[in-house]
Amino acid sequence: AGPAGVGKTRFALELCRQLAEEKGYAVLVIKNNNLQLHEDLVYAIEKEKDYLVLVDDANELSGLRYVLEYITKATDKARSIAKLILTVRDYACKQVIQSVMEFTKPATIKISTFDDDDIRKLVKTCCGITNPVYINRIVAIAEGNARLAILAGKLAADSKNLAAIQDASDLYHSYYSKQL
């Protein structure tokens, strides 16, 4: 659990990778697409495999209760859901935990925003930016949000223009306009 942009999904994916490697789990990732998932789950969960299921942004998943119910009932001698990992934003954490507690007792890992030194290291390492003026501007814009720091760092590195990273709304516009 944690605020937007702190790396919940990245952390969960790395955790899945490590657990799959150590325990031999097959990994199944569920991301909200506003479609019914029941048939996909029935089809995807094969016999004779132990699964680790990741539900990304569980607070946005329509029908989370039905997914949890199916996953807990899908476990039998031939099919096994060994672990269930959910990512959730802070504002919805309590609600999602209440839903999960109907089926199992969850453990929670809280992921916090980055401090200014972490953002500086991230920008230097990932974007190759060493100019303190650029770094300080990125730190101010990011306010602990790693995603914003990377967006700002990439834009600053590509444009080599401090004016390109004035504020967070400009970053989103610049990044997402290319995607659209």
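For the reader, a short list of remarks on this structure follows.
- Segment 65-101, residues that are modelled with pLDDT under 90 and not in a helix (DSSP H, G or I): Thr75, Asp76, Lys77, Ala78, Arg79, Ser80, Ile81, Ala82, Lys83, Leu84
- Of all residues making up segment 85-111, the number that are open to solvent by 60 Å² or more (accessible area, probe 1.4 Å), among the hydrophobic types (A, V, I, L, M, F, W, C) and under 16 Å from Leu13 (Cα atoms): 1
- Residues of segment 1-16 that are among the charged types (D, E, K, R) and either assigned to a loop (DSSP other than H, G, I, E, B) or open to solvent by less than 50 Å² (accessible area, probe 1.4 Å) (or both): Lys8 alone.
- Residues that are in contact (Cβ under 8 Å) with a residue 60 or more places away in the chain and either open to solvent by 20 Å² or more (accessible area, probe 1.4 Å) or in a helix (DSSP H, G or I) (or both) within segment 137-161 comprise Asn145, Ala146, Arg147, Leu148, listed in sequence order.
- If you filter segment 36-50 down to residues that are open to solvent by less than 100 Å² (accessible area, probe 1.4 Å) and modelled with pLDDT under 75, you find that the one that is nearest to Leu84 (Cα to Cα) is Leu41.
- Any hit, segment 128-138, residues being under 26 Å from Gln18 (Cβ atoms) and of a type in the set (D, E, K, R): no
- Candidate set from segment 123-136 (those that are of a type outside the set (Val, Ile, Thr) and surrounded by fewer than 20 Cβ atoms within 10 Å (Cβ to Cβ)); member that is nearest to Phe11 (Cα to Cα): Cys126
The values are calculated or read from the model by the stated rules, or taken from the named source; none is laboratory data. Computed from a prediction, not measured in an experiment: that's the story for all the values here. Glycine also receives a Cβ, built like all others from the backbone with ideal geometry; neighbour counts cover every protein chain displayed. When the accessible area is computed, the model is the full protein with side chains, heavy atoms only, and any ligands, DNA or RNA have been set aside. Shrake-Rupley method; radii C 1.70, N 1.55, O 1.52, S 1.80 Å.
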